Protein chains: 2
Amino acid sequence: MIIRVVNETVEMTSSNKQTQTDKLAAEIGDAILSGVLAPGTRLDEHRLAEQYAVSRTPVREAIRSLAATGLVELRPRRSAVVAEITPAQLEIMFVAMGELEATCARLSAMSMTPIERRRLQSQHERMGALVESDDVAGFIEANLIFHALIYAGSHNSILADMAVGLRRRLGPYRRAQFRSPGRLPRSHAEHERIMQAIVSGDAAAAHAAMLNHVSLVEDTFIGLTATRAA
Amino acid sequence: MIIRVVNETVEMTSSNKQTQTDKLAAEIGDAILSGVLAPGTRLDEHRLAEQYAVSRTPVREAIRSLAATGLVELRPRRSAVVAEITPAQLEIMFVAMGELEATCARLSAMSMTPIERRRLQSQHERMGALVESDDVAGFIEANLIFHALIYAGSHNSILADMAVGLRRRLGPYRRAQFRSPGRLPRSHAEHERIMQAIVSGDAAAAHAAMLNHVSLVEDTFIGLTATRAA
DNA sequence: AAATCAAAAACTGCATGCAATACTGCTGCA
DNA sequence: TGCAGCAGTATTGCATGCAGTTTTTGATTT
């Protein structure tokens, strides 16, 4: 079973067969997603070049790549900056990710192979044990696989990639989702409905269940920020 | 009412306030989408630089931008090439576009303002006249607006941009869709159902109607290629 | 003390050059 | 005649330098 959630950082250690530009794009992108480079930070080409011990050329090219993914904003003749995400945009991104996940669930219900259905069921059961033992870290990791299985089950790499990209992009804003008390069993119950619908081939139910699931995650997120802001 | 289907080519004539790189990315991208640069064509940096009378640097950066959109494929240490699209990928892209359009229709049914609903209805009625007069060119143009209204009505720029991008990307493969005999009135009838569902706020029906609509377009496409291949 | 303006510093956009890698065609051998 | 190895060429990846624009800073004025 091969599941690759993060696809840019493959071969991060081995430096051969990859251009400086690609490595820089991956590193700077990770720095942004991990919060090392905060939104609004100016990406000074000189500084970055010095920091990574390369010239400005690959830095410029890497920044342009990141701009296309939306991670940084390009302003002609002025410094590129790490893209700011307004609450309104965040809301839109969460909705979009929810819709994409729901669509993947729908397609999975329609076109998963029997083996894929069994894998999903098996993964869900494995997560049941993690809920029992209240293993939050394990559940988070297994949750990624659960969702990745549904992306893959859609048999549509375009939609799957879009969903993965958005999930990755929203990562920094979802970290605390499973810390809310009682979230683990609730999440597992929602997964139960999603899994059942997919395995039984009920496309509409899979769509609805997934939409409901991710909407609740979003609620959790919004609740947390509201608390933080207060 | 402002609808911008193509957003890269804004200010193509006026050369100020836009970097060479941006202009090049737009021009080369258009060349690819219009078929001037066929899939598989090698993008020689020297040749392109000479052709557009700039140095290799902006050409390289433009190519990297296009690579991020999927229009060209980057192979380290070897020439970038115009991305080839296999029939399997094309199928996936059509499915993805259909799902995105259907999702936008669903969201439109839920969240369009009364004014937006009226605009959609009005646009649909206008297209009725074009069907009567069998104005294919006019219908094609109006069809773009009809769909753009639904993208915008989703009130989700991420999903809308994804749909627009895919539609643009698939453009070269959909050209002949309205030439099939009887396609105009049939398309209009499908639009009728989509419009009715959205205006009346029936999200599920809007989703289903749009999915059906774009699937039929895809059938038309596949039929044409099969004919061509035979 | 705050605001304004000008000069300087900093930074981006682009051109060019060099080194390293990939490709092409040729020659020699089976 | 066909294939393998090799030299030459073409082409990419990256560094560096310069010009033009933006930003910053400091002085001057109100």
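Below is a table of values for the structure above.
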| read-out | value |
| --- | --- |
| Per-bin percent of Cα-Cα distances, the range A:32-149 [10 Å] | 11, 26, 23, 23, 15, 2 |
| Descending semi-axes in Å of the range B:20-82, equivalent ellipsoid built from Cα gyration tensor | 15, 13, 11 |
| Charge-dipole axis of the range B:87-229 as Lys and Arg at +1 and Asp and Glu at -1 on Cβ define it, positive-most pick from B:V199, B:A148, B:G171 | B:G171 |
| Radius 13 Å from Cβ of A:D44, net charge of other residues (Lys, Arg +1; Asp, Glu -1) | +3 |
| For A:R126, net neighbour charge (Lys/Arg +1, Asp/Glu -1) across residues whose Cβ lies under 14 Å away | -3 |
| Cut-off 14 Å between beta-carbons: net charge of the residues surrounding A:A109, Lys and Arg +1, Asp and Glu -1 | -1 |
| Inter-site label distance for A:M110 and B:D135 at 7 Å from Cα along Cβ, in nm | 3.5 |
| Order of B:V214, A:V54 under a 10 Å beta carbon neighbour criterion, fewest first | A:V54, B:V214 |
| Ranking of B:R183, A:R78, B:R167 by count of other Cβ atoms within 10 Å, fewest first | A:R78, B:R183, B:R167 |
| Using a 7 Å Cα-to-Cβ projection, B:E50 label spacings across copies, nm, ascending | 4.0 |
| Closest approach to the axis - chain B beta-carbon, rotation onto A, Å | B:A68, 2 |
| For A:R126, label point 7 Å along C-beta direction: distances to other copies, nm | 5.5 |
| Hz values of 3J(HN,Hα) by residue in the range B:196-211 - Karplus curve (6.51, -1.76, 1.60), Gly and Pro given as x | 4, 4, 5, 4, 7, x, 8, 4, 4, 5, 4, 4, 4, 5, 5, 4 |
| Cα radius of gyration and Dmax for the range A:89-189 (Å) | 13.9, 38 |
| Volume per residue of the C-alpha convex hull in the range A:80-119, rounded to whole Å³ | 106 |
| Ranked list, fewest to most other Cβ atoms within 10 Å of each Cβ, for B:S79, A:S187, A:S154 | B:S79, A:S187, A:S154 |
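Read the figures in this text as sums done on the coordinates, not as results from a lab. Here the structure is a predicted model, which means the values were calculated and not measured. FYI the Cβ positions are ideal-geometry reconstructions off the backbone, even for glycines, and counts take in every protein chain you see.
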